[in-house]
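Here the structure comes first, spelled out in structure tokens, and everything after it is commentary.
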Amino acid sequence: MEQYIRRKIESRYINTGLSLEETIARFLDERIDIEQRKSYAYRLAHAATPEAMAALFKVFQAAGPEHKAFMIQLIGSTGNPEVKDWLWQWLTDADERVVMAAIRGLSTIGGRMSWRRWGLSCRIPGKPDRIRIEAALGLGNLGTPEAADVLSKAFMKSKETELRHSDPERPGPFSIRTC
């Protein structure tokens, strides 16, 4: 059922009736609003040809952080391991939304390099809590023994391992102070 739903969603982005060349041309056409163009990012990442990746890079140079974040998460949702290296560069972006989208995208793709690098992200002092939490969630979503090991080591090595309930008077979700 999950695969059926995924294929249904993907078809919206892949089966546009446009060739890859036409998709690249529309994605690069600055006369078209970025809101319309950003949905082409999925098709380009799915194809992952050198031309498609060059077009993604070019549009990303001028796109605002909110558009970058949307496209990065969309690109990661392709599950295409060919775009993994391209996504890594966004982990150091100045905007939290972009970094968190890159983490989400990479967690969808998975792989050995993902959990190693994320383990480092969890332990870097000064990282905003939201990014550290997203990195921890990404590690957890990978579901591999290696990722679980890195995650547990990050908790053990942290000086501040406070897990606290958001409201001690009422049951509810827990908030992770740090990973």
Open item on the list: What does the charge count around residue 67 come to, taking other residues whose C-beta lies under 14 Å from its C-beta (Lys +1, Arg +1, Asp -1, Glu -1)?
Closed with: -1
Task: Simple label model, 7 Å out from Cα along Cβ direction - residue 92 to residue 48, nm - done: 2.2
Open item on the list: Using a 7 Å offset from the Cα along the Cα-to-Cβ direction at both residue 61 and residue 85, what is the distance between the two label points in nm, to one decimal?
Closed with: 2.0
- [ ] Work through the residues other than residue 101 whose Cβ is under 13 Å from its Cβ and net out their charges, Lys, Arg +1 and Asp, Glu -1.
- [x] 0
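Take peptides 99-106, 42-49 and line them up by average Cβ neighbours within 10 Å, highest first, as a rough protection proxy.
On the way: 99-106: 25.2, 42-49: 20.0.
With the highest mean Cβ count within 10 Å placed first, the list reads 99-106, 42-49.
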TODO: Between residue 34 and residue 149, take the C-beta separation as r, use R0 = 35 Å, and let me know the FRET efficiency to the nearest 0.05.
DONE: 0.30
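Every read-out reported here was derived from the displayed coordinates using simple, explicitly stated rules and does not represent laboratory data. It should be emphasised that the depicted structure is a prediction, and the values quoted were computed from it without experimental measurement. In this analysis, Cβ positions are derived from the backbone assuming ideal geometry, glycine residues included, and neighbour counts consider all displayed protein chains.
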